[in-house]
Amino acid sequence: MGDIEITPMVDKKFGAIATGLDLKNLSDEEFGQLHSAFLEHGFLLFPDQHINEDESIEFGRRFGELEFGGAPMANQKKHEDGTFGKIYDLQSQLMRTNVGNEAWHTDSTYKPIASKVAMLSAVVVPEEGGQTELADLRSGYESLDEQTKELISGLSAFHSTNFSQANDLGDFPDTNGEGLYGEVYHGEAYLRPLVKVHPETGKPNLFVGRHAFGIPGLSREESRKLIKSLIDHVVSDDSRVYSHNWTVGDTLLWDNRRALHRARPYDYSKPRYLIGTRVAGDPASELSYFPEDPEAEAGRKALTEELEFLREETKDQMYGATTASF
Ligand SMILES: [Fe+2]
């Protein structure tokens, strides 16, 4: 391969396109270059790579321990023989979860250890819609006024997908932590500071998204308003938002500690299949606490109370305060 070229996104405060490399066959030196570029830019786009599930896992492992690797991020099943099955019903928990991810978030903040890196590779994409969008929490933080920076400096929010599904869609998945979604939907809520000092760059960024709620010390109303205003601020400037129109063969890699992302809607009756790999955060910087730790009790309590409010408030939302049946 020739030399790696890193080209920053035009008119954006973050992101770059990486070319002149083969993700299937990357030397340690090349990986070192990519890793530096990843930390500097917050996300990297690799066009025309066409990596498969195993190659996605192999590349992901270079960043650390995986949460999962080579997994279908899709609206249809892929059979062992490589053929695709039927498209999931919009009422299914899988599609409810996919639609939920059309709101801005960072991955796995609803687990004890939040994610470090996420990677998607496009296999089947709809002709229209279905973009993945990213937003820069670092320049979002830097552009806040001093008063807001001061206000949020000591504040934290709980993170839960049971909260975000209910709040965004009126979807109330079981909180028993069982089954396919046991690690996603459960009764725990994990406390994380609103300002995160990036563990590898030392730079501060906002750390909010759809899973965040219940800032201790603020009223429910104040907390909702503040979290919404921070997310709105981050995405209010085009230079902090990048929208990726997928081409088959693309791989997109982003830093979950610094960038928000969301999926965009598309015609859900059309197939969409991306390969997803997610790298776990480092416990030293991404661990909140474990369910068995005493401080977990406050999160469970806050979530239970919040869900009671949302049961009443979300009856006219997409899923009308219902739970999917499998
Ligand atoms: Fe996500």
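Give the residue, chosen from 272, 258, 240, that is in contact with a helix residue (DSSP H, G or I) (Cβ under 6 Å, 6 or more places away or on another chain), under 19 Å from residue 120 (Cβ atoms), charged (D, E, K, R) and surrounded by 14 or more Cβ atoms within 10 Å (Cβ to Cβ). Before you say what the answer is, go through the steps one by one.
Details: 272 fails: in contact with a helix residue (DSSP H, G or I) (Cβ under 6 Å, 6 or more places away or on another chain); 240 fails: under 19 Å from residue 120 (Cβ atoms).
Matching residue, one of 272, 258, 240: 258.
Of everything in segment 279-323 that's within 18 Å of residue 196 (Cβ to Cβ) and part of a strand (DSSP E or B), which residue is least open to solvent (accessible area, probe 1.4 Å)?
Among those that are within 18 Å of residue 196 (Cβ to Cβ) and part of a strand (DSSP E or B), it is 279.
Sort out which residues of segment 71-126 are farther than 19 Å from residue 171 by Cα, more than 16 Å from the ligand (Cβ to nearest atom) and in contact (Cβ under 8 Å) with a residue 40 or more places away in the chain, and write them in order of number.
76, 78, 84, 87, 112, 123, 124, 125, 126, listed by residue number.
Can you name every one of the strands (runs of 3 or more DSSP E) wholly within segment 1-56 that holds 1 or more residues which are closer than 18 Å to residue 120 by Cβ? Step through it out loud before you land on a result.
Working: elements: 5-8, 16-19, 43-46.
Those strands (runs of 3 or more DSSP E) span 16-19, 43-46.
Go through segment 183-197 and report how many residues are of a type in the set (Val, Ile, Thr) and in contact (Cβ under 8 Å) with a residue 60 or more places away in the chain. Can you show your working first?
Let us first name the residues in segment 183-197 that are of a type in the set (Val, Ile, Thr), namely 184, 195, 197.
Then keep just the ones that are in contact (Cβ under 8 Å) with a residue 60 or more places away in the chain; that gives 184.
Number of matching residues: 1.
Return a yes/no flag: does segment 43-55 have any residue that is within 14 Å of the ligand (Cβ to nearest atom) and crowded, with 16+ Cβ neighbours inside 10 Å. Reasoning before the result, please.
Step one: list which residues in segment 43-55 are within 14 Å of the ligand (Cβ to nearest atom), which gives 43.
Remaining after also requiring crowded, with 16+ Cβ neighbours inside 10 Å: 43.
So far as segment 43-55 goes, yes, one or more of its residues are within 14 Å of the ligand (Cβ to nearest atom) and crowded, with 16+ Cβ neighbours inside 10 Å.
The values are calculated or read from the model by the stated rules, or taken from the named source; none is laboratory data. Bear in mind the structure is a predicted one, so any value in this text is a computation, not a measurement. Glycine gets a Cβ as well: all are built from the backbone with ideal geometry, and neighbour counts include every protein chain shown. Surface areas here come from the heavy atoms of the whole protein model, side chains and all, with no ligands, DNA or RNA. Shrake-Rupley method; radii C 1.70, N 1.55, O 1.52, S 1.80 Å.
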